[in-house]
Every structure is written in structure tokens, then in C-alpha cells.
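Visitor: Before anything else, here's the structure in question.
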Amino acid sequence: MKPYRIFALLPLLALLGGCNAIVLNPAGDVAMQQRDLVIISTVLMLLIIIPVMALTVFFAWRYRQSNTSAPYDPDWDHSTHLELVIWAAPLLIIICLGAITWMATHLLDPFRPIERTAPGQTVARETKPLKVDVVALDWKWLFIYPDYGIATVNEMAAPVGQPIHFRISASSVMNAFYVPALAGMIYAMPGMQTQLHAVINKPGDFKGFSANYSGEGFSKMRFDFLAKNDADFGKWVSDIKAAGGNLGRTEYLELERPSEGVPVKKFANVDPNLFHLIVNLCVQPGKMCTHEMAAIDAKGGLGLAGADLVQRIEYDKSARRGSAPVLAKAYVASVCTTNAPMGMEMTEVQQPTPVSSTPLQGAGLPRPGTTFQSFAPRPSNS
């Protein structure tokens, strides 16, 4: 019965019947091109791997100890023809792999707008992509549709055949946005904005998830991607607008608190500047945005007079996770803007008084605009 034991394992293969190899059978043109790249690369590598494995078995059998008819040549040490075959074949395969990878890397650049929606179907110049702003929260996904003024949590939809332009960021830690049926994985990082251009070609309900470990609720950080025709997508948008709900700064600060297994939420009205504030880490009122700080630094900084213009952070990622550091963090209070001409939006916080108005200077260095001291060249030891 020993030869038949292998048949006892065959029922285990039935368990694989429920597997969906979505990476090899995607529904988006970008994912299809990536799948083709994987298949072509694998075939090219097998061109050298399969012969090597086959020859290994052949030589082990051909020159076994019991085969006395095999030629025996203990003085053989080199064959020019064999060396050419051994080195030329892998070299040609590496050249082909390099050329294909180089072209695909540029053609499938996530920041590059797609030029086709399907093989032979180019994107017209007047076609406007669907804009979707993606924010990786702890531990859920926020999708903002700036052209429609709506937002959803753990659910997004897109019309079939229309290019999609994703802008991706995160609230606290690095994460990864991944819809296998649509395109490859793209990182989501706090304080930064990555992009992805893609298209979905088949209607259906697909799954998206986080592909980068980000903490306790990582395993439940999943969402539904709904591919609909134009009419159904329009109805989806209308239903969200009819349901009501607002997503502003206050609502977002509450939403981004860590939570697991969050059900689908929908918002009919969204602050148009919310994603901009998220990327610049200044959703909390009165907090200076990173782009404002960069502009100040580009002009020379705040100087000594502004050294005390800082407020303690009341709501940061460490505090939200329950691991606040011993030393209190601080941030620079926001400067005046068009919407807030008085600068500080937090009415409860008073503007601190500068300790000194003396300009900040380096140790022993002259102030900018003065005549710099010239130094004589160092004398030679010779």
C-alpha cells in the first residue's frame, strides 16, 4: 500500500479550490501589465534554471559509481565551448531582464498618468481622472473625493474604464495602500504625499488592505473597492450626499483615534482643505503646517525673537497610542493666513511674549550683510 499513500494527500488539494489568485487574474490594466512582467521575468529565469536542474539529475545518474560504461577522465579540467555556454546564456538572460525591467519601471511609474485604459484604448486628452485622496489611519482607511465633496471610511468606489488619480498619505505611521486587482502596492507615509495612477476594467467588488505592518489593528485594516458602471457610480455618490454627515477638522481628529473593525462610514460634506492639512500635519487648529515652517526656514528662520512661540502638543500620535514620551512635545504656533488674519486660531491660548528681540547670531560669526573677515592661506610646512 506504500505506493498509494500519495493519493491520501489528494483531498488536501481541494482546499486550494477556494483560493483566488487575484494577482495573476487582476481586473485593472496596470495590474495586468505588472502581472505580465512577473510572468515574463519568471519564464526568462526558468530558461536557465530548468536546464541546470535537469542536467544535475542527468550527470548524477550518468556518472554514478555503478555505471562502469561511463567515460572516466580524471585529468579533464577545462572546455572553452562549455565555458561559453555556461556564461553566455545567463548573461543574455540578465540583459533581457534588465531591459524589460528598465522599460516597465518607467512605463508603470505610479506618478505617471496612464496613457491607456486597456490594450489598444488610449486615454483622450480631455478625459478627467477620478481624484481620490487616501489617508491611512489607525486602523482604517479614509477616502476623500475632492471633486464631489464626499468622503468614506473603509469603502471606495470608481467607475469602470475611467482613469483614477490617487493621492496617498497617512496620519501617524507608515502604511501601504494595496488593491491587488487594481495596481501594485504604494506606501502611505505621514507628512508626505505619494501618488498612484490606475484604472479598473471590470465591474465587481474587490478587496483592499494594508500591506505594511502598522500596529495592533493591522490585520483588520481592510476595505471594499467597488467597481461600478457610470450610472451605478453616480447613484453611489448621490446616496452618500443624501445620507448627510460632515467631516471637518473636529470630526477628523476624533476619527483618526486608533480603532479596529470600524464599519463603513460616509460623509456628505468634507472640508476642502482637509487632505492638505493632513499631509502638512496641522489638522489641529492653531498648529503650524510643515509647508509654513519650510517657508520660514527658507527665509532664515524665526530667530531668537520667535524661540518661545511654541505651544505644547495636546494631541499627537504618541499620546493617541498611549505611549507619550516623558518630555512634552511642542509645535510652533501658526502664523497669520488669509482665513485667519490674526494668526492663532486657538482662543484659549495666549500669544507668548518674546524673551528678547535680539537677532539670532552664530557664535563668533558676523551678522549677514556685514563685511566678512578674510583669512590668509595656511603656510606650507615645507
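The values are calculated or read from the model by the stated rules, or taken from the named source; none is laboratory data. Please read these numbers as outputs of a predicted model, since none were measured by experiment. A quick note on method: Cβ atoms are made from the backbone with ideal geometry, for glycine too, and the neighbour counts reach across all protein chains shown. Side chains included, ligands, DNA and RNA excluded: accessible areas come from the protein's heavy atoms. Shrake-Rupley method; radii C 1.70, N 1.55, O 1.52, S 1.80 Å.
Visitor: Beyond 18 Å, what share of the Cα-Cα pairs of segment 34-188 is found? Please give it as a whole percent.
Guide: Numbers: 8791 of 11935 pairs.
When all Cα pairs of segment 34-188 are counted, 74 percent exceed 18 Å.
Visitor: How far is the Cα center of segment 85-129 from the Cα center of segment 131-157, in Å?
Guide: The distance from the Cα centre of segment 85-129 to that of segment 131-157 comes to 29 Å.
Visitor: Here's another thing I want to ask about it. Under 19 Å between alpha carbons, and skipping anything fewer than 8 positions from LYS299 in its own chain: which aspartates and glutamates qualify?
Guide: ASP308
Visitor: Right, here's the next one. Which FRET efficiency value, to the nearest 0.05, is calculated for LEU253 and SER219 with the Förster distance at 22 angstrom and r the Cβ-Cβ distance? Provide the component values of the computation, followed by the final result.
Guide: Details: r = 25 Å, r/R0 = 1.14.
Calculated value: 0.30.
Visitor: If you bin every alpha carbon distance in segment 115-235 into 5 Å steps from zero, what whole percent lands in each bin?
Guide: So the P(r) values, bin by bin, are 2, 11, 21, 26, 19, 11, 6, 2, 0.
Visitor: Let me ask something else. Could you give the distance between the Cα centres of segment 38-83 and segment 187-237, to the whole Å?
Guide: Between the Cα centre of segment 38-83 and that of segment 187-237, the gap is 48 Å.
Visitor: Okay, next question. Which aspartates and glutamates have a Cα less than 14 Å from the Cα of LYS207, not counting those fewer than 8 places away in the same chain?
Guide: Hits, sequence-local ones excluded: GLU155, ASP224.
Visitor: Taking a 25 Å limit on the Cα-Cα distance, which of the listed pairs LYS128/LYS202; LYS131/LYS235; LYS140/LYS266; LYS131/LYS287; LYS228/LYS266 fall beyond it? Don't skip to the end; give the middle numbers.
Guide: Values: LYS128/LYS202 19 Å; LYS131/LYS235 18 Å; LYS140/LYS266 13 Å; LYS131/LYS287 27 Å; LYS228/LYS266 18 Å.
Long pairs (Cα-Cα over 25 Å): LYS131/LYS287.
Visitor: Sticking with the crude label model, points 7 Å out along Cα→Cβ, report the distance from LYS265 to SER41 in nm, one decimal please.
Guide: Taking the simple label geometry, LYS265 and SER41 are separated by 3.8 nm.
Visitor: Using a 1.4 angstrom probe on the protein heavy atoms only, line up PHE209, PHE58, PHE143 by accessible area, largest first.
Guide: Working: PHE209 50, PHE58 90, PHE143 0 Å².
Correct descending sequence by accessible area is PHE58, PHE209, PHE143.
Visitor: Per-residue HN-Hα couplings for segment 110-115, Karplus 6.51 cos²θ - 1.76 cosθ + 1.60 at θ = phi - 60°, whole Hz, x for Gly and Pro?
Guide: x, 7, 8, x, 5, 9
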